[in-house]
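Shown next, in structure tokens, is the structure this report addresses.
The values are calculated or read from the model by the stated rules, or taken from the named source; none is laboratory data. It should be emphasised that the depicted structure is a prediction, and the values quoted were computed from it without experimental measurement. As a convention, Cβ positions derive from the backbone with ideal geometry for all residues, glycine included, and neighbour counts pool all protein chains shown. The area values use the complete protein model at the heavy-atom level, side chains included, leaving out ligands, DNA and RNA. Shrake-Rupley method; radii C 1.70, N 1.55, O 1.52, S 1.80 Å.
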Amino acid sequence: MLLRGAGAAIALPLLDAMTPALASPRRTRKAPIRLVFCYVPNGIIMSDWTPKGIGSAFEITRILKPLEAFRNELMVISGLADHNGNELGDGAGDHARAGASFLTGVHCKKTSGADILGGISADQIAARTFASQTRFASLELGCEDSRTVGNCDSGYSCAYTNSISWRSPTTPMPPEVNPRAVFERLFGTEDFRLDPATRARRANYRKSILDMVREDTQSLVGTLGQADRRKMDEYLTSVREIEVRIQSAERDNHVAAPGIEKPAGIPVAFAEYVTLMFDLQVAAFKTDSTRVSTMMIGREGSMRTYPEINIADSHHPLTHHRNNPQFIEKVAQINTLHTELFARYLGKLKATQDGEGNLLDNSLIVYGSGISDGNRHTHENLPLLVAGGGGGSVKPGRHIAYAQETPVANLYMTLLDRAGVRPESIGDSTGKLVQLGQM
């Protein structure tokens, strides 16, 4: 159901009023499972990531420490490999292959031209199943812009480093990196057929989306019960807060570096940027606008610097630390900042009511990288965790170690199965993983 007005449309959260009047009061609508794949680039300092101990008694490590409050909602997974990230005779280009194969399980073709070739990613396999049930089949988000053409890694196309989501072997799904564009897509006030200059002029005169749908909102709220009114108030308040933060970012003329113009709508502060993109994803899930999303905290080979934690060096070169303890420490700090931001996201999901539970209860969220040791470009024993309860279909609160070289695609086969999606295979998968669920 949508609220409409003056070209705007706001999807609504699930309200009690949407439940059929003749339904049994003891029967509630089962919340759908949301699938999220969150990617961090350039590998992780594995000694500061991998927990000591197997099962529920695992010891939280330094990089995982920000996630300790969600210990009982996490499965840390060791032993899985992205075999197709390796060179397999193609020479250098591990970053491109890591990004392209992480969700596809397919070794991408080495080319910097238009003849790119990879595989269909796990998120898009799920998106096909859910497409008829939601406004958007999937939502691809990112926090680092990059071109999708040209050579970005030793003869590999930028499409490989910039996209983990692939609709077909030749069609990557580049992430949207501008929060304003995501907001407009979700709430429908922008006409992207217009040229950027015209859109910018219209933006100067555009009212708030909530003002646009005010009349429809007032009419609806007057028909709702007390509980639904509270839900609507909380939801519309969260939409307003996101909109205000985007508008603030658009007014902020500060630049990240001399001579570099900041794109409209993108906060300069990295933590604010990531948090805003995650909040937009939560809004999409809350309204059931989509059930599948990817989030790239950074693209593979990322050269981002992190002045907010006093790291002026670029991320990628630091990961080639050659066992320099100072470089290793800086990479560990970057890895920890990423898990801190991920923890904020999990907190927002957990605080968002969804059916009889919350969004975290009803989600399966993969967090990890297609590279483990960034110094050696290894694709074995990947840093991976799964957050959320999957509607009761998994048993979190554990560290699970699988046999080395087990395809990471087996994890996706298992998670998609829990969400009701049952493909015959994903890339180089060899079956489903045991131990994840209670059954």
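Points to keep in mind about this one:
- So residue 35, is it part of a strand (DSSP E or B) and in contact (Cβ under 8 Å) with a residue 40 or more places away in the chain: yes
- Residues in the stretch 414-436 that are within 26 Å of residue 131 (Cα to Cα), in contact (Cβ under 8 Å) with a residue 40 or more places away in the chain and crowded, with 19+ Cβ neighbours inside 10 Å: 9 in all.
- Qualifying positions in the stretch 292-317 - charged (D, E, K, R) and touching a Ser or Thr at 6+ places or on another chain (Cβ under 6 Å): 299, 300
- Looking across the stretch 412-439, the residues that are aliphatic (A, V, I, L, M), within 29 Å of residue 355 (Cα to Cα) and in contact with a helix residue (DSSP H, G or I) (Cβ under 9 Å, 6 or more places away or on another chain) come down to 413, 415, 416, 419, 421, 433, 434, 436.
- Helices (runs of 4 or more DSSP H) enclosed by the stretch 269-376 - at least 1 residues per element that are open to solvent by less than 20 Å² (accessible area, probe 1.4 Å) and under 17 Å from residue 45 (Cβ atoms): 315-319, 325-350
- Out of 96, 114, one residue alone is outside any strand (DSSP E or B) and either under 17 Å from residue 375 (Cα atoms) or among the aromatic types (Phe, Trp, Tyr) (or both). It is 96.
- Within the stretch 63-92, the set of residues being assigned to a loop (DSSP other than H, G, I, E, B) and surrounded by fewer than 24 Cβ atoms within 10 Å (Cβ to Cβ) comprises 86, 87, 88, 89, 90, 91, 92.
- Residue 60 vs. criteria modelled with pLDDT of 95 or more, aliphatic (A, V, I, L, M), farther than 23 Å from residue 320 by Cα and surrounded by 21 or more Cβ atoms within 10 Å (Cβ to Cβ): no
- Evaluating residue 153 against the criteria (1) open to solvent by less than 20 Å² (accessible area, probe 1.4 Å); (2) under 21 Å from residue 86 (Cα atoms); (3) acidic (Asp, Glu) leaves one unmet condition, (1).
- Residue 352 touching a strand residue (DSSP E or B) at 6+ places or on another chain (Cβ under 8 Å), among the polar types (S, T, N, Q) and more than 22 Å from residue 329 (Cα to Cα): yes
- Inspection of the stretch 121-144 identifies at least one residue that is charged (D, E, K, R), farther than 23 Å from residue 304 by Cβ and open to solvent by less than 20 Å² (accessible area, probe 1.4 Å).
- Any hit, the stretch 380-394, residues being open to solvent by 30 Å² or more (accessible area, probe 1.4 Å), touching a residue at least 60 places away in the same chain (Cβ under 8 Å) and over 23 Å from residue 127 (Cα atoms): yes
- Residue 14 being surrounded by fewer than 22 Cβ atoms within 10 Å (Cβ to Cβ) and modelled with pLDDT of 95 or more: no
- Members of the stretch 129-147 that are of a type outside the set (A, V, I, L, M, F, W, C) and in contact with a Ser or Thr (Cβ under 9 Å, 6 or more places away or on another chain): 134, 135, 138, 140, 142, 144, 146
- Applying a threshold of 8 Å to beta carbon distances and a minimum spacing of six or more residues, or different chains, the list of pairs starting in the stretch 170-186 at a residue that is over 23 Å from residue 244 (Cα atoms) and ending at one that is acidic (Asp, Glu) and outside any helix (DSSP H, G or I) reads 173/140; 174/140.
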